[in-house]
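Structure first, commentary second.
Any read-out appearing in this document is the output of simple, stated calculations on the displayed coordinates, not a laboratory observation. Given the structure is predicted, the values throughout are model-derived calculations rather than measurements.
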Amino acid sequence: MITNDKGIVELKHHILREVCKLAWEDQLTGDSCERLTLNKELWERDGSGWAASASAEYDPDDAGKWYGGSAVDNQAFFLPDGTALPSLRVFRDVLPEGSYRLGDADGNGEIDVIDASCIQRGCARVPMEIGEKILAHGNIDGDGLTVMDATLIQRHLSHSAVPYPIGIWMQETE
């Protein structure tokens, strides 16, 4: 249950991340003409087009006829080969100062195996150039930095079920 502004910000960032995964996967880039049938199925199933077929109920003349997506939906964010354009950074740039991704133990903005390694090294008290404040972003389950946090990141990276929103944008607390 979300009971404060911080929780609302976290939820908005989590939703944005999930929507971006659907709307901007590499199958929906500018060269989608060859994949139009597949893309139409994805747009309808995932709601990642600009409108769903259900919109015909309230907008029969526009969204009801032209629901789904188009071959140019994401050309402002990706090249036809799927390479991200600098315009995609707008989502990073609108985050409040002090934001970080849950699990980003090395502070580079990505969740990867290096984060798991940093957590393991931190738990073993191996000296690193990463500050304690950044390393603490690897505390996934909220019970302090432990080897379990590294395991949770590894499970996340292998697409296994993880009961925590790894990668969600969080706000620093004082």
Report the extension gain between TRP66 and MET148 in nm, rounded to one decimal, defined as 0.36 nm multiplied by the number of residues separating them, less their alpha carbon distance. 24.7 nm
Can you give me the pair-distance distribution of segment 99-171, C-alpha pairs, 10 Å bins, whole percents? 24, 61, 15, 0
For ALA51, which sequence-distant residues (separation of 5 or more, or a different chain) have an amide H within less than 5 Å of its own amide H, given hydrogens modelled in the peptide plane? GLY68
